[in-house]
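Shown next, in structure tokens, is the structure this report addresses.
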2 protein chains.
Amino acid sequence: MDRGVTVWFTGLPSSGKTTIAHRVEAALKERGHKVEVFDGDVIRKQLCSDLGFSKEDRDTNIKRIAFVCKLMTRNAVVAIAAAISPYRETRDYARKEVGKDFIEVYVKCPLEVCTKRDVKGLYKKALNGEIKGFTGVDDPYEEPLHPELILHTDKETVEESTQRVVQELEKRGYIQAPRPMAKQSRQ
Amino acid sequence: MDRGVTVWFTGLPSSGKTTIAHRVEAALKERGHKVEVFDGDVIRKQLCSDLGFSKEDRDTNIKRIAFVCKLMTRNAVVAIAAAISPYRETRDYARKEVGKDFIEVYVKCPLEVCTKRDVKGLYKKALNGEIKGFTGVDDPYEEPLHPELILHTDKETVEESTQRVVQELEKRGYIQAPRPMAKQSRQ
């Protein structure tokens, strides 16, 4: 019987949340686990078409993701949230909503590096004043105080970060480590 | 391995959707199945706090329920939606969104009976003009043309209606019929 869990990625825009989320998804699916990724932007379209980027609207967005993660988790699915989720209080709400099977992963990357990556070209717009309330530019990002895992995406490769998440899930018993191959077990 | 499915209850306010949904939930849980009920009113609080009762807002509400049902269904959960879902087009959207594992259950009950039951006291308010756009009073309910199942809650008991839904799920192979007891199998 699979155990459900929520893996909650938080971090600045362009820190690598979505990329790693989908790599973890692929790795777990390959092992036969049920996985769903909830990307902040996708969820906005599906569940939050009405919401903007004020603190209140951001909070509502995160609460809806948390609700869906809770549903998945209690039904034995690995739910992976990839959302900036800049406010500590709201992340704590998500943790409380989901319950004990919750792993907060801080996708840590210096602002300069994220600004340089600028995957969606939004830092540029924010720095030019075309977008208001952009996290990291003119809206705050509150770092996690006690995340279960910190990924340093300016130093690790995507593959390394992915592996660290998978190993964390193994360590906590949500997924099984792959059996060693014959050769290895003979050592 | 469980098969997921969405059981979509539609019908007038006070027709019995929520009551039967929770009875079916209990019956399936007793047999060890994973089940989630999505009650229109509850979902409004969790995912649609921003929405009113205009056609557009009703549609958005239903689309969000459909999204969540799709997630559950593809992860081997029985998702039960209990929402008025008055518009045929939106129900068809839900069916398309979820895919082949979708069972539309028309909870049919004459308007006079529903008005008399008036579980939440809303028909009274609508008839007094205190609420606008109330389904069955001054907002349309479009009957399903080809539902997989019709429950006649003015003639059947709650228990009978519940059993008919459970049997429909057995018939379609989503759940297994309980094994006959020793006495019966010896016949």
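Where a number appears in this text, it was derived from the coordinates with a stated rule and is not lab data. Note that the coordinates shown come from a computational prediction; the quantities given were computed from them, not determined experimentally. Virtual Cβ from ideal backbone geometry, glycine too; neighbours counted across all protein chains shown.
Calculated FRET efficiency, B:E30 to B:K100, Cβ-Cβ distance, R0 = 22 Å: about 0.25 to the nearest 0.05. Rounded to the nearest whole Hz, the Karplus-based 3J(HN,Hα) values (6.51 cos²θ - 1.76 cosθ + 1.60, θ = phi - 60°) of the stretch B:65-77 follow the sequence 4, 4, 4, 5, 4, 4, 4, 5, 4, 6, 10, 6, 10, with x at glycine and proline. The phi torsions of the stretch B:105-117, fed into the Karplus equation with coefficients 6.51, -1.76 and 1.60 and a -60° offset, translate into couplings of 10, 8, 8, 8, 7, x, 3, 4, 5, 4, 4, 6, 4 Hz, rounded to whole numbers, with Gly and Pro shown as x.
Extending 7 Å from the Cα toward the beta-carbon at both B:E112 and B:D2 defines two label points whose distance is 4.2 nm.
Ascending distances from the B:R31 label point to its copies in the other chains, with the point 7 Å along the Cα-to-beta-carbon line: 3.3 nm. For A:E104, which sequence-distant residues (separation of 5 or more, or a different chain) have an amide H within less than 5 Å of its own amide H, given hydrogens modelled in the peptide plane? Here the answer is A:W8, A:E148, A:L149, since their amide H atoms fall under 5 Å of that of A:E104. Inter-copy label distances at A:P178, using a point 7 Å along Cα-to-Cβ, come to 4.5 nm with the shortest given first. Shape analysis of the protein assembly as shown places it in the oblate category; the axes a ≥ b ≥ c from the Cα gyration tensor give an a/c of at least 1.5, with a/b not above b/c.
Dipole magnitude of the protein assembly as shown about its Cα centre, charges +1 at Lys/Arg Cβ and -1 at Asp/Glu Cβ only, in debye to the nearest 20? Please list the in-between numbers first.
Working: 66 positive and 58 negative charges, 262 e Å.
For this selection, approximately 1260 debye.
On full extension, the segment bounded by A:K125 and A:V158 gains 9.3 nm, given 0.36 nm per residue less the C-alpha separation. Placing a pseudo-label 7 Å from each Cα along the Cα-to-Cβ vector at B:A177 and A:D59 gives an inter-label distance of 5.4 nm. Dipole orientation for the stretch A:5-177: of the candidates A:Q163, A:I103, A:Q46, A:Q46 has the Cα lying most toward the positive pole (charges on Cβ; Lys, Arg +1; Asp, Glu -1).
In debye, nearest 20, what is the charge dipole magnitude of chain B about its Cα centre with +1 on Lys and Arg Cβ and -1 on Asp and Glu Cβ, if you could check?
Values: 33 positive and 29 negative charges, 138 e Å.
With Lys and Arg at +1 and Asp and Glu at -1, about 660 debye.
Against chain B, whose longest principal axis comes from its Cα atoms, helix B:88-98 is set at around 40 degrees. Database remark: amide H of B:G133 closer than 5 angstrom to the amide H of B:D138 (H placed geometrically; neighbours at sequence offset of 5 or more, or on other chains; Pro and chain starts carry no H).
Amide H contacts of A:V37 (H built 1.01 Å from N, in plane; Pro and chain starts excluded): A:I80 sit under 5 Å, all sequence-distant by 5 or more or on other chains. Computed from backbone phi with θ = phi - 60° and the Karplus coefficients 6.51, -1.76 and 1.60, the 3J(HN,Hα) list for the stretch A:158-165 is 4, 5, 5, 4, 4, 4, 5, 5 Hz; x is used for glycine and proline.
Placing a label point 7 Å from Cα along the Cα-to-Cβ direction at B:R95 gives distances to the equivalent points in the other copies of 4.6 nm, listed shortest first. Centre-to-centre, using Cα atoms only, the stretch B:6-85 and the stretch A:61-108 are separated by 22 Å.
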